[in-house]
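Novice: Pasting a structure below so you can have a look.
None of the figures in this text is laboratory data; all of them are computed from the coordinates on show. Predicted, not measured: the structure shown is a model, and the values here were computed from it. Ideal geometry is used to build each Cβ from the backbone, glycine not excepted, and the neighbour counts take in all protein chains shown.
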Amino acid sequence: MIKQIASSSPVPPEQQPANEYEELKNSWLFDWVTLERPNYLRKLVWVWIWSWLVSGPVAAASFPPEKYLVKFLLSGSAGAGLILILVLLRLYLGWNYIRSRLANTTVFYEESGWYDGQTWLKTPEEITKDRLILQYQVQPLLQRLHKTFYSFI
């Protein structure tokens, strides 16, 4: 659902911060953070379990399970946890990018390619709208990701 900021805005709709927020919120992987807590945790557990497909064989090659079961389980869990942390880091970076786009009073955009970037000053109405989205939609998601990171430490 892409909306134009204002008729006088030169920013393409797909580069407007509020529309970027909507797009990220509805995209696969990034929408996990918006789910109810049990569903969010279920997704993270599934990532950890599937990560064992990579970390399990590596751990088994390092510590044969029949000989070093505890070391195998610990190293496999650590490897799967590392993959989970990388997924969480990707989620955080995506949502933090949207946070910075919403918090800025200017919008950097590209008219037709990477070589012709421009900056547009947001109207007071746009600043207010973006700050409300930031405060009530994006900040709680970033806080959830922070809590998830801290639970690993």
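Novice: Through the Karplus equation 6.51 cos²θ - 1.76 cosθ + 1.60, θ set to phi - 60°, convert the phi angles of the range 26-38 into ³J(HN,Hα) values in whole Hz; use x for Gly and Pro.
Specialist: Values per residue, Gly and Pro as x: 9, 8, 5, 6, 5, 6, 4, 5, 8, 6, 4, 3, x Hz.
Novice: Here's a follow-up. For the range 51-68, just list the computed ³J(HN,Hα) in residue order, Karplus coefficients 6.51, -1.76 and 1.60, θ = phi - 60°, integers in Hz, with x standing in for Gly and Pro.
Specialist: Going residue by residue, I get 5, 5, 4, 9, 6, x, x, 5, 5, 5, 5, 7, 10, x, x, 6, 9, 10 Hz, with x marking Gly and Pro.
Novice: Can you give the longest stretch of the chain with no exposed loop site, where a site means trypsin sites (Lys or Arg not before Pro) in a DSSP loop (not H, G, I, E or B) with at most 15 other C-beta atoms within 10 Å?
Specialist: Of all site-free stretches, the longest is 68-153.
Novice: Using a Gaussian network model of the chain whose springs link C-alpha atoms within less than 10 Å, name the residue from SER51, SER62, SER75 with the highest mean-square fluctuation.
Specialist: SER62
Novice: When only DSSP loop residues count, what GluC sites (Glu not before Pro) in the range 22-106 have their Cβ near at most 14 other Cβ atoms within 10 Å?
Specialist: Of the GluC sites (Glu not before Pro), the ones in loops of the range 22-106 whose Cβ has at most 14 other Cβ atoms within 10 Å are GLU36, GLU66.
Novice: Nearest 10 degrees, 0 to 90: what angle lies between the long axis of helix 124-133 and the longest principal axis of the chain (Cα atoms)?
Specialist: Helix 124-133 and the main axis of the chain meet at about 20 degrees.
Novice: What percent do you get for the relative contact order of the chain when only Cα pairs under 8 Å and 6+ apart count?
Specialist: Relative CO of the chain lands at 24 percent.
Novice: In terms of Cα to Cα distance under 17 Å, which lysines are near enough to LYS129, apart from those fewer than 8 places away along the same chain?
Specialist: Leaving aside lysines fewer than 8 places away in the same chain, those within reach of LYS129 are LYS3, LYS25.
Novice: Also, quick follow-up: What is the Cα centroid distance between the range 115-153 and the range 69-100, reported in whole angstrom?
Specialist: Result: 22 Å between the Cα centres.
Novice: Given the convex hull of the Cα atoms of the range 7-52, what is a quarter of its surface area in nm²?
Specialist: 4.1
Novice: Also: Please build a GNM for the chain, connecting alpha carbons under 10 Å apart, and tell me which residue among LEU88, LEU102, LEU29 fluctuates the most.
Specialist: The residue with the greatest mean-square fluctuation here is LEU29.
Novice: Could you pull the Rg and Dmax for the range 14-152, using just the Cα atoms, both in Å?
Specialist: That works out to 19.9, 67 Å for Rg and Dmax.
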